[in-house]
Protein chains: 2
Amino acid sequence: MSGQLSIVGLGPGDSCYLTAQAAAALAAAQALYGYGRYLERVPIRPDQARHPSDNREEGSRAAAALAHAAQGTSVALVSGGDPGVFAMAAAVCEAIESGPEAWRALDVAIVPGVTAMLAVAARMGAPLGHDFCTLSLSDNRKPWELIERRLDAAASAGFVIALYNPISQARPWQLGTALQRLRRHLSQSTPVIFGHAVGRSDERVTVTTLAAADPAAADMATLIIVGSSETRVITRPGRPPLVYTPRSAQGAHT
Amino acid sequence: MSGQLSIVGLGPGDSCYLTAQAAAALAAAQALYGYGRYLERVPIRPDQARHPSDNREEGSRAAAALAHAAQGTSVALVSGGDPGVFAMAAAVCEAIESGPEAWRALDVAIVPGVTAMLAVAARMGAPLGHDFCTLSLSDNRKPWELIERRLDAAASAGFVIALYNPISQARPWQLGTALQRLRRHLSQSTPVIFGHAVGRSDERVTVTTLAAADPAAADMATLIIVGSSETRVITRPGRPPLVYTPRSAQGAHT
């Protein structure tokens, strides 16, 4: 009679990034919840109920999945990438904290996955090979001034920076402003990676410089990695360049 | 005749975190390289040559794998966690940059994996649910002053902080000094997670406070997550607490 909720990371793109643990959690579920485009990645099984929802309904989706599990059902809530990085795990925790007491007694398991920055980094080399920061550029839930303060802190201390949620129709100017902010701290030649739709058929991962980085090259499915002063580019004959941040750092930053 | 090198992330702990892509890369390899303890996690196949090496021989291991691939062999170099996060991908890039020109022509593929901080975070809730920094506490390859500057920058800007390589026999005092440094910026009640050997049979993941965090509770197999001023703990009857960082942030930090 005791229900169970698994929050399952599918990894980015297609099923190549799915872990064995995630596959097992999906197989064990009686009901599936998730953003429609992520749910589509899970093969249909007639004995599993499917409850797709819209992209921005994270809070209500979390509450619906918890309520269903509290009825004694084994529920899997799917998430792109890793559920713990700007994704559903925090939304579920918020719902548990503010929800009915019974939700605190539920068996909740979080199944980690490959998050987008790891997959994008892997395509280009090892840009996250040394200390880095992971930052959402969305100012829907935090003040823009805080984002600028974090960009300043990260860049001036020599962290490589991975930017999630860089741009959307409702947030058109933030990425350009952020890149301009980073130009105060970092050399114009700093490598910048645009990773679009990694793991999908329309994947496109490219490297440019901070001087040339163009916000128009990004969309909602783009993950951006901005190097540090240590990040290097290796040119290769007949192959794309490798971008990496060495394991050693000197501490002399701009 | 053309060789190939795959740098394959196994995820932390046992094979439950292995992705489908990583399993395929291991299956396709003619020769396997890696730190002995990671190689032991790959089932033995008589037709695959195995070349284990010691933990700290990253540079020579990378060079040996590249040289073998350059002979026309399909080589897999295994890495714990994700190869791009304080692991083998950067070591291979370094070897390519300083090595023979022929290594630049090689087909090199990096297969991402679940890195330790994602698996530890998943065990406790969603501590990495908002902006965070990832930092190695090892001062083997960077000055300690740089680590302190990065701790100051990350904590004062409100990032959650994931600490890799917190302690070793050769580096006994660094973690205690780092925690003391963080106490300048963060409340004594800030949640701190110690994740030991996540995914292994001796796994132990616990939460404490910054005031009570004891360096003696960590070893080489420990990943530490230090919360921000926003990070919260949900107590649950008969279950371990959930630790999470909400999706919203106010920007009012200590």
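The values are calculated or read from the model by the stated rules, or taken from the named source; none is laboratory data. These numbers come from a predicted model, not from an experiment. Virtual Cβ from ideal backbone geometry, glycine too; neighbours counted across all protein chains shown. Ligands, DNA and RNA are stripped out before the accessible areas are found, and what is left, the full protein with its side chains, is counted by its heavy atoms. Shrake-Rupley method; radii C 1.70, N 1.55, O 1.52, S 1.80 Å.
Observations, loosely collected:
- Subset of the range A:194-217 (residues that are within 19 Å of A:Gln180 (Cβ to Cβ) and in contact with a strand residue (DSSP E or B) (Cβ under 6 Å, 6 or more places away or on another chain)): A:Phe194, A:Thr208, A:Leu210, A:Ala213, A:Ala217
- Unmet requirement for B:Glu58, which otherwise passes all of (1) under 12 Å from B:Val111 (Cβ atoms); (2) surrounded by fewer than 24 Cβ atoms within 10 Å (Cβ to Cβ): (1)
- B:Ser187 vs. criteria out of contact with any strand residue (DSSP E or B) (no Cβ under 7 Å at 6 or more places or on another chain), open to solvent by 20 Å² or more (accessible area, probe 1.4 Å) and within 27 Å of A:Ile96 (Cβ to Cβ): yes
- Among (1) under 15 Å from B:Leu182 (Cβ atoms); (2) in a loop (DSSP other than H, G, I, E, B) - the single one B:Arg141 does not satisfy: (1)
- Hits in the range B:1-15 - residues which are within 26 Å of B:Ala221 (Cα to Cα) and either buried (at least 20 other Cβ atoms within 10 Å of the Cβ) or at pLDDT 95 or above (or both): B:Ser6, B:Ile7, B:Val8, B:Gly9, B:Leu10, B:Gly11, B:Pro12, B:Gly13
- Residue match in the range A:37-45 (condition: open to solvent by 10 Å² or more (accessible area, probe 1.4 Å), within 20 Å of B:Leu10 (Cβ to Cβ) and in contact with a Lys or Arg (Cβ under 9 Å, 6 or more places away or on another chain)): no
- Residue in the range A:148-164 that is more than 8 Å from every other protein chain (Cβ to nearest Cβ), open to solvent by 10 Å² or more (accessible area, probe 1.4 Å), of a type in the set (A, V, I, L, M, F, W, C) and outside any strand (DSSP E or B) present: no
- Filter result (more than 8 Å from chain A (Cβ to nearest Cβ) and within 28 Å of B:Tyr244 (Cα to Cα)) within the range B:132-147: B:Leu137, B:Ser138, B:Ile147
- Cβ-Cβ distances below 7 Å connect the following pairs, each with a first residue in the range B:216-245 that is closer than 16 Å to B:Met124 by Cβ and surrounded by 22 or more Cβ atoms within 10 Å (Cβ to Cβ), a second residue that is at pLDDT 95 or above and among the acidic types (Asp, Glu), and a separation of six or more residues or different chains: B:Thr245/B:Glu230.
- Beta carbons closer than 6 Å, at least 6 apart along the sequence or on distinct chains, pair a first residue in the range B:162-175 that is among the aromatic types (Phe, Trp, Tyr) with a second that is part of a strand (DSSP E or B) for B:Tyr164/B:Ser136.
- Search result, residues across the range A:165-180 that are among the polar types (S, T, N, Q) and open to solvent by less than 30 Å² (accessible area, probe 1.4 Å): A:Ser168, A:Gln174
- Against the test of being in contact (Cβ under 8 Å) with a residue 60 or more places away in the chain, open to solvent by 30 Å² or more (accessible area, probe 1.4 Å) and either of a type in the set (Gly, Ala, Ser) or more than 9 Å from chain A (Cβ to nearest Cβ) (or both), the options B:His68, B:His51 yield a single qualifying residue, B:His68.
- Any hit, the range B:205-215, residues being over 22 Å from B:Arg171 (Cα atoms) and open to solvent by 60 Å² or more (accessible area, probe 1.4 Å): yes
- Residue in the range A:89-102 that is open to solvent by less than 10 Å² (accessible area, probe 1.4 Å), within 8 Å of chain B (Cβ to nearest Cβ), part of a loop (DSSP other than H, G, I, E, B) and modelled with pLDDT of 95 or more present: no
- Test: residue in the range B:79-88 that is open to solvent by 30 Å² or more (accessible area, probe 1.4 Å), within 30 Å of B:Gly227 (Cβ to Cβ) and assigned to a loop (DSSP other than H, G, I, E, B): yes
- The range B:114-147, subset open to solvent by 20 Å² or more (accessible area, probe 1.4 Å) and charged (D, E, K, R), residue nearest to A:Ala155 (Cα to Cα): B:Glu145
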